[in-house]
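The values are calculated or read from the model by the stated rules, or taken from the named source; none is laboratory data. Fair warning: this is a prediction, and the values are worked out from it, not measured in the lab. Cβ sites come from the backbone with ideal geometry, for glycine too, and all protein chains shown count toward neighbours.
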Ligand SMILES: Nc1nc2c(ncn2[C@@H]2O[C@H](COP(=O)(O)OP(=O)(O)OP(=O)(O)O)[C@@H](O)[C@H]2O)c(=O)[nH]1
Ligand SMILES: [Mg+2]
């Protein structure tokens, strides 16, 4: 299930909803035409009460329906919602709208009865006025929830969109090691740029397609910049959320230290990540191979194997040689584009192993004969 956080409709606030409801109600009353004064007032007052209450309860219920239900959300979304806005609050404020819709409907039922049962027009007016007063006070109770949802929408809009059904490769490492450059080099088409709502840092989401299966690549900036004990709970939850989406975690190490973080600190961070994501396949890759001195031994061999493959149309799944650094770690250069296609094919193989249940899985919307 792909949740479209970015298309959640605008949340109308307390006054906007009341204005809309009461002005539509007035228009509806103006359209009433009956030569008998008592009948006319009765119809008018009834229309006002019912229209106002219908508009409010419909607005509330439509909102409740357009916001994803947590019970049916994938674990990643739940963790992100919890980290960004809090699941308890999320549930509470949506249930306030449900409560409000019910209250407003009851009020209109009760006051309509009063209007119908009397023959005196001033009592009809009183009943209408009373209904408006009660509706307004319900709105005042729901107002803070509308405000909360409106703010939550702004936060959730900025979440990355990740398709749960497709493999997802989480790219992490210290600042400046080349995560974004790596994602960009592997992606066909443009990277999406999103934000983690609680930092100003940009998250890059890239995609590539292999044999019609789309692979997603996600950045983790801002989450791992500090030692474990200094991270707040929200960040820890967000990191834990990564566990739920990552078919494979790539940890980039910059051995040249051009990133500004010492290799020792980068290794400490690697240990932290291993602890945080115990169940996830982790692949350590060194970045910026072009800065290594001397260049990796197979630099030219890998580059020409990759070029040949591209010239042949990048078909199939050959065992392209991987590029290794002097410590025997897989490496690549995102700026020179050497070792990138080999890496892509290696990622495809690793993801396949990490998702052993998936060979039978078909893309959304397909069906299987034996089911
Ligand atoms: N020489 C060389 N430089 C690279 C390579 N990849 C990235 N860089 C450079 O390293 C710097 C950081 O690259 P980014 O891709 O922004 O690194 P990042 O890990 O996304 O950084 P943050 O998002 O700030 O954590 C940039 O100046 C890049 O040009 C590479 O393969 N070779
Ligand atoms: Mg980056």
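Some values worked out for this structure:
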| item | result |
| --- | --- |
| Elements of type helices (runs of 4 or more DSSP H) in the range 1-103, at least 1 residues being crowded, with 21+ Cβ neighbours inside 10 Å and under 16 Å from the mean Cα position of the chain (by Cα) | 75-84 |
| Any hit, the range 152-168, residues being away from ligand 1 (no atom under 16 Å from the Cβ), closer than 30 Å to residue 21 by Cβ and modelled with pLDDT of 90 or more | yes |
| So residue 295, is it without any contact (Cβ under 8 Å) to a residue 12 or more places away in the chain and over 22 Å from residue 188 (Cα atoms) | yes |
| Unique match (being away from ligand 1 (no atom under 12 Å from the Cβ) and at pLDDT below 80) among 212, 226 | 226 |
| Pair list, Cβ under 9 Å, 6 or more apart: the range 322-336 residue farther than 22 Å from residue 184 by Cβ and assigned by TED's automatic domain parsing to the domain that holds residue 295, other residue more than 14 Å from ligand 1 (Cβ to nearest atom) and assigned to a loop (DSSP other than H, G, I, E, B) | 324/297; 324/298; 326/294; 326/297 |
